[in-house]
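One structure below.
Just so it is clear, none of the values below were taken in a lab; they were calculated from the coordinates. Because the structure is predicted, anything quoted here is derived from the model rather than measured. Cβ atoms come from the backbone with ideal geometry, glycine included; neighbour counts cover every protein chain shown.
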Amino acid sequence: MSIARFAKTSPWTMLRGAGQVMFQNNVWTGLLFIIGIFIGAYIENMPEVAWGALVGLVVSTVAGYIFGLPESDGDQGLWGFNGILVGCALPTFLANTVWMWLALIICAAMTTWVRTGMNNLLAPWRVSSFTFPFVFCTWCFLLAGREFAGMAAAHMSAPVIDYTIAPLDCHSVWDFIQYWLKGVAQVFLIDSWITGVIFLVALAVSSWRAAIWAGVSSLIALVMALLWQAQGSSVIGGLYGFSAVLTGIALGATFWKPTWRNSLLAAFGVVATVFIQAAMNALLAPIGLASLTAPFCIGTWLFMLPRLKPSVTSGNE
């Protein structure tokens, strides 16, 4: 039985779910990610984000066993990575109430089931849903927070249609280094350069190529945000980095072979992801909703699909 299998599973295996957020099937990477989340969340005085990450990771993993999904996915941590992101997101945007925590549990469990459905839908094109189950489910719950006082959208941006862009003023080199590192940390919604350092070390433990691409992608996103004069507060918070980091790791260090052509295309994908994020930020501003990692999903799909042939034949073949 699946539940019996879960009871025999080492807690260390569950940490693979944390590592899989950045495509790393590595227990030590997952453990360092958790440590980085806790350090950054407590520095920000938001401990509920750290504990939410743990709850989301555990709940989404347990849900996979309860739902009777293929246990090979559970062994690789593929049930947990959407759930841990839910655990970081809901306490970040919603009021810290008992009803928010209950919603977090429901949403984290839901991502495991939704991931299976989305993967089935995308299977003919041989791409996965990536973190889109997290994005879709979290969007639903965040918008519900505008209707439910029990988990009010206390920390979400106010809906705005016509907003003013205030580009970043001149800052020191050390400031820019911090913004670059925050771009890596924001993958888990953590606004801390220290966490960014820990995440890069965690990636290097599993894959030096993934660590390099994470750093390079965050740098590309930062430079683009500065050149195109993005909102200064977004630059300071590293908010243009996290989707770019995931796209860079996916294309540059995970799904494509390391050739010069693939590296060039991966860098192009990172650049495209920054523009996709800016577009989605503008699209979602009227409802005050964060784009989360949707730009990464869309950007990576757009660059992977041209190289893949569907497993079904068309009527013209």
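Descriptive notes on the structure:
- Electrostatic dipole magnitude of the chain [Cβ: Lys, Arg +1; Asp, Glu -1; Cα centre; debye, to 20]: 840 debye
- P(r) tail fraction, region 79-212 - alpha-carbon pairs more than 18 Å apart, %: 67 percent
- Farthest positive-ward along the chain dipole, Cα basis, beta-carbon charges - from A18, T254, F130: T254
- For region 231-261 versus region 10-76, the spacing of their alpha-carbon centroids is 21 Å.
- Here the label points at C140 and F176, each 7 Å from Cα along the C-beta direction, are separated by 4.4 nm in the simple model.
- Among T131, T97, T195: highest mean-square fluctuation, GNM of the chain, C-alpha pairs under 10 Å: T97
- Rg in Å to one decimal, and Dmax rounded to a whole Å, for region 2-307 via C-alpha atoms: 18.1, 58
- GNM flexibility winner over the chain from I190, I106, I84 (Cα, springs under 10 Å): I106
- Linear extension gain, K309 paired with N25, 0.36 nm per residue minus alpha-carbon span: 99.6 nm
- In sequence order, calculated HN-Hα J values of region 96-109 (Karplus, 6.51, -1.76, 1.60; Hz; x Gly/Pro): 7, 10, 4, 6, 5, 5, 5, 5, 4, 4, 4, 5, 4, 5
- Computed from the C-beta positions of I165 and N96, the FRET efficiency with R₀ = 25 Å rounds to 0.20.
- Here the Karplus curve 6.51 cos²θ - 1.76 cosθ + 1.60, taken at θ = phi - 60°, turns the phi angles of region 56-65 into couplings of x, 5, 5, 4, 5, 5, 4, 4, x, 5 Hz, with x standing for Gly and Pro.
- In Hz, Karplus ³J(HN,Hα) per residue of region 265-270 (6.51, -1.76, 1.60; θ = phi - 60°; x = Gly, Pro): 5, 5, 5, 4, x, 5
- Cα point-scatterer Debye curve for region 139-297, base-10 log of I(q)/I(0) at q = 0.10, 0.11, 0.14 Å⁻¹: -0.38, -0.45, -0.71
- Across region 192-317, the relative contact order, built from alpha-carbon pairs under 8 Å that are at least six residues apart, equals 23 percent.
- Distant alpha-carbon pairs in region 58-150 (separation over 15 angstrom), percent: 56 percent
- Over the chain, Cα pairs under 8 Å with separation of 6+ residues give a relative contact order of 18 percent.
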